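**Q** My questions all concern the structure below.
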There are 2 protein chains.
Amino acid sequence: MEFDLIARHFTRPTPGAVLGVGDDCALVAPTSGMQLAVSSDMLLEGRHFAPQDSPAGIGHKSLAVNLSDLAAMGASPRWATLAIALPADDDAWLKAFARGFFRMADAHGIELVGGDTTRGALTISITVIGELPPGEALRRDGARPGDDVWVSGVIGSAATALAYRQGRLFMEQIDAAKVLPALYLPTPRVALGIALRGVAASAIDISDGLLADLGHILERSAVGAVVDLAALPTLPVLQRYLHESVARDCILAGGDDYELCFTAPAARRDAVLEAAARADTPVTRVGRITADPGLQVVGADGHALAITRTGYDHFAA
Amino acid sequence: MEFDLIARHFTRPTPGAVLGVGDDCALVAPTSGMQLAVSSDMLLEGRHFAPQDSPAGIGHKSLAVNLSDLAAMGASPRWATLAIALPADDDAWLKAFARGFFRMADAHGIELVGGDTTRGALTISITVIGELPPGEALRRDGARPGDDVWVSGVIGSAATALAYRQGRLFMEQIDAAKVLPALYLPTPRVALGIALRGVAASAIDISDGLLADLGHILERSAVGAVVDLAALPTLPVLQRYLHESVARDCILAGGDDYELCFTAPAARRDAVLEAAARADTPVTRVGRITADPGLQVVGADGHALAITRTGYDHFAA
């Protein structure tokens, strides 16, 4: 199966590589003096997507979540490999998957240079390689007390869509239509990550939820943070559902948004806004880094909320 | 699950990387002027290994088959990422898997710099990155008429072991013990691949069987080949089973040996043997490249055998 399927759907010109799909390895020539950022993710049917999901959407999302890791590092996407297990030689499925995959690849200038296909339950494993100048990576360990905490775009949409789809949250259909694209067609913040080189002190992409992912920055940087609940950017439609604890949890602890959470010195606020404008990506200041460890979320009344990694603590207070 | 498991079993010092496991991406600094060889493979339980296989052996083999792709390109191993799906948090299994994986990694100087773990049927996807000087890669498309065809080590052992394990071939236990290591603990020919830079004209690793893999070289190079059946190197124990067609097919069409098949101009025979001696790896001349397309296998009587991609053609005369 392997050879024909790769040839038919995944062999395209790779002007940015020395040798693309079809040999034991791909060959690429890194730009002189640049460092490489490398990340691998594995996505499984039943866990990361549903059997009925559109193959083009799966192609889009599986590359998007990997590009999001490059974005969180501030790296420029260059090359990708794709290993995929498929239950059967489904030509139509693969054609649609490849269309979604390559549309995302083309949008961010990344080239598919290698791959592997095998028979099995649908599993997609992608490795992405990006480039960036030495010393300019947006690492998780760079946050310092006094830094502002920023978030790109809006958060909570993908998790709200998932809660809707799973029947945990009732939404009007017209409202659900506004959040579903975030779940199926996330946008990796590649341009913002690159623009934030030399500006942001630390960064991570929000794949597991703001609390968990900001928590990784705090842990690696040995600092704490105070986040202002009212400042968190969401789609307007979400405001109509905030009487539901499920919806509130989606904002603080909802994964799959693939927005960036990053910190920058307060003195660099203008530089952050300039970078965001250059990347044509909205950013919002949502809190600040503290020397005291721990993550506090402060409500509109100025009081700290009882939170857990999965959202508000519904059993507290 | 992800974070703790990675931290516990897969975070080790990575002196050859700028930043290892634990951020959105790993950061590495390629050697100035070198090209990179990149390859990804996915291995599934039930297809590439059995549920009862030893986890240390699975760790060994899953990295070995990836290193074999670097070997077939002549690249020096540098960095690897590991994405793994596991049915449960099995600490003992992971500890043993990591032991096998890192023993193989240490033997070949490759560093695990990134990873992903998720819940699901056991699936292992590894990406390896190696370095090599521009223009020295051992590609599949470099074979020329008149080249010798060479094979490293011995072939057919892994396939014979699989046939024995699956009950398709009866072997004495003492004989089976001699072929089983080839199936469970293959040796990637990394040192030979590096030594063959500038010597071999083309190369591939034998993962699908000599006929199929040499076939890839012939196709990409637009040439043919004549292979001398009697010259094919096997373990002595295999000779005792050659009255079985299953055993004969294992030599010509048996996969999983991860030996190298390569070609070199006849004028470079001494250079090939010197490279093999430097790499401490036996090599055997088994045929020659022809301008006529097609792959012929000639028996001891000097007549061409009727062959298919899966071995002899048992239905032909």
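The values are calculated or read from the model by the stated rules, or taken from the named source; none is laboratory data. Please read all numbers here as calculations on a predicted model, not as lab measurements. No Cβ is skipped: glycine too gets one built from the backbone with ideal geometry, and neighbour counts run over all protein chains shown. Each accessible area value is taken on the protein alone, full model and side chains, heavy atoms only, with ligands, DNA and RNA left out. Shrake-Rupley method; radii C 1.70, N 1.55, O 1.52, S 1.80 Å.
**Q** Taking the options B:281, B:290, name whichever one is touching a Leu at 6+ places or on another chain (Cβ under 7 Å), among the hydroxyl-bearing types (Ser, Thr, Tyr) and at pLDDT 95 or above.
**A** Values: B:290 fails: touching a Leu at 6+ places or on another chain (Cβ under 7 Å).
Going through B:281, B:290 in turn, just one is touching a Leu at 6+ places or on another chain (Cβ under 7 Å), among the hydroxyl-bearing types (Ser, Thr, Tyr) and at pLDDT 95 or above: B:281.
**Q** Could you please find all residues in the range B:279-313 being open to solvent by 30 Å² or more (accessible area, probe 1.4 Å) and among the polar types (S, T, N, Q)?
**A** Within the range B:279-313, B:284, B:296, B:308, B:310 meet the criteria.
**Q** Here is a follow-up. When the residues of the range B:41-65 are filtered to those that are of a type outside the set (Val, Ile, Thr), assigned to a helix (DSSP H, G or I) and under 16 Å from residue B:83 (Cβ atoms), which remaining residue is nearest to the other protein chains (Cβ to nearest Cβ)?
**A** B:62
**Q** I would also like to ask the following. Which ones in the range B:39-54 are modelled with pLDDT of 90 or more, touching a helix residue (DSSP H, G or I) at 6+ places or on another chain (Cβ under 9 Å) and open to solvent by less than 60 Å² (accessible area, probe 1.4 Å)?
**A** So in the range B:39-54, the residues modelled with pLDDT of 90 or more come out as B:39-44, B:54.
Restricting the remaining residues to those that are touching a helix residue (DSSP H, G or I) at 6+ places or on another chain (Cβ under 9 Å) gives B:39-41, B:43, B:54.
Listed by number, the residues that qualify are B:39, B:40, B:41, B:43.
**Q** Has the range B:65-79 got at least one residue that is over 30 Å from residue B:289 (Cα atoms) and either among the small types (Gly, Ala, Ser) or outside the structural domain of residue B:32 (by TED's automatic domain parsing) (or both)?
**A** no
**Q** Any residue that is in contact with a Leu (Cβ under 6 Å, 6 or more places away or on another chain) and of a type in the set (Ser, Thr, Tyr) - is there at least one of those in the range B:122-129?
**A** Scanning the range B:122-129, I find at least one residue that is in contact with a Leu (Cβ under 6 Å, 6 or more places away or on another chain) and of a type in the set (Ser, Thr, Tyr), so the answer is yes.
**Q** Still on this structure, I have one more. State which residue is farthest from the other protein chains (Cβ to nearest Cβ) when the search covers only the range B:114-128 and only residues that are more than 22 Å from the chain's Cα centre (by Cα) and touching a residue at least 40 places away in the same chain (Cβ under 8 Å).
**A** B:117
**Q** Taking the range B:16-25, which residues are in a loop (DSSP other than H, G, I, E, B) and either facing chain A (nearest Cβ under 7 Å) or within 16 Å of residue A:204 (Cα to Cα) (or both)? I'd like the intermediate steps shown before the answer.
**A** Going residue by residue through the range B:16-25, those that are in a loop (DSSP other than H, G, I, E, B) are B:16-18, B:20, B:22, B:24-25.
Within the range B:16-25, B:18, B:20, B:22, B:24, B:25 meet the criteria.
**Q** I've got another one for you. Give the residue, chosen from A:253, A:247, A:276, that is farther than 24 Å from residue A:147 by Cβ, open to solvent by less than 50 Å² (accessible area, probe 1.4 Å) and in contact with a Leu (Cβ under 9 Å, 6 or more places away or on another chain).
**A** Within the list A:253, A:247, A:276, the selection yields A:247.
**Q** Could you tell me whether residue B:100 is small (Gly, Ala, Ser), open to solvent by less than 10 Å² (accessible area, probe 1.4 Å) and away from chain A (no Cβ under 14 Å)?
**A** yes
**Q** Is the range B:90-106 home to any residue that is assigned to a loop (DSSP other than H, G, I, E, B) and more than 24 Å from residue B:29 (Cβ to Cβ)?
**A** Checked against the condition, which is being assigned to a loop (DSSP other than H, G, I, E, B) and more than 24 Å from residue B:29 (Cβ to Cβ), the range B:90-106 yields at least one hit.
To keep it simple, each residue is scored yes or no on (1) more than 12 Å from chain B (Cβ to nearest Cβ); (2) farther than 13 Å from residue A:159 by Cβ; (3) open to solvent by 10 Å² or more (accessible area, probe 1.4 Å); (4) without any contact (Cβ under 8 Å) to a residue 40 or more places away in the chain.
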{"site": "A:201", "(1), (2), (3), (4)": "yes, yes, yes, no"}
{"site": "A:205", "(1), (2), (3), (4)": "no, yes, no, no"}
{"site": "A:220", "(1), (2), (3), (4)": "no, yes, yes, no"}
{"site": "A:235", "(1), (2), (3), (4)": "yes, no, yes, no"}
{"site": "A:269", "(1), (2), (3), (4)": "yes, yes, yes, no"}
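**Q** Does at least one position in the range B:180-187 carry a residue that is more than 13 Å from chain A (Cβ to nearest Cβ), among the hydroxyl-bearing types (Ser, Thr, Tyr) and open to solvent by 30 Å² or more (accessible area, probe 1.4 Å)?
**A** Checking the range B:180-187: at least one residue is more than 13 Å from chain A (Cβ to nearest Cβ), among the hydroxyl-bearing types (Ser, Thr, Tyr) and open to solvent by 30 Å² or more (accessible area, probe 1.4 Å).
**Q** Please go through the range A:121-149 and pick out each residue that is surrounded by fewer than 19 Cβ atoms within 10 Å (Cβ to Cβ) and either under 24 Å from residue B:82 (Cβ atoms) or of a type in the set (Val, Ile, Thr) (or both).
**A** Passing the criteria: A:121, A:131, A:141.
**Q** Check A:146, A:156 and return the single one that is within 14 Å of the chain's Cα centre (by Cα), closer than 30 Å to residue A:224 by Cβ and small (Gly, Ala, Ser). Give the derivation first.
**A** On the way: A:146 fails: within 14 Å of the chain's Cα centre (by Cα).
Result: A:156 is the single residue among A:146, A:156 that is within 14 Å of the chain's Cα centre (by Cα), closer than 30 Å to residue A:224 by Cβ and small (Gly, Ala, Ser).
**Q** Quickly run through the range B:154-165 and pick out the residues that are open to solvent by 10 Å² or more (accessible area, probe 1.4 Å) and not charged (D, E, K, R). Even if it seems obvious, please write down each step before you answer.
**A** From the range B:154-165, those open to solvent by 10 Å² or more (accessible area, probe 1.4 Å) are B:154, B:159, B:162, B:164-165; that's our starting set.
Once the filter is applied, which keeps residues that are open to solvent by 10 Å² or more (accessible area, probe 1.4 Å) and not charged (D, E, K, R), the range B:154-165 yields B:154, B:159, B:162, B:164.
**Q** When both residues are 6+ apart or on different chains and their Cβ atoms are under 7 Å apart, which pairs have a first residue that lies in the range B:26-40 and is farther than 14 Å from residue B:72 by Cα and at the interface with chain A (Cβ under 7 Å from one of its Cβ atoms), and a second that is open to solvent by 50 Å² or more (accessible area, probe 1.4 Å) and among the small types (Gly, Ala, Ser)?
**A** The qualifying pairs are B:32/A:32.
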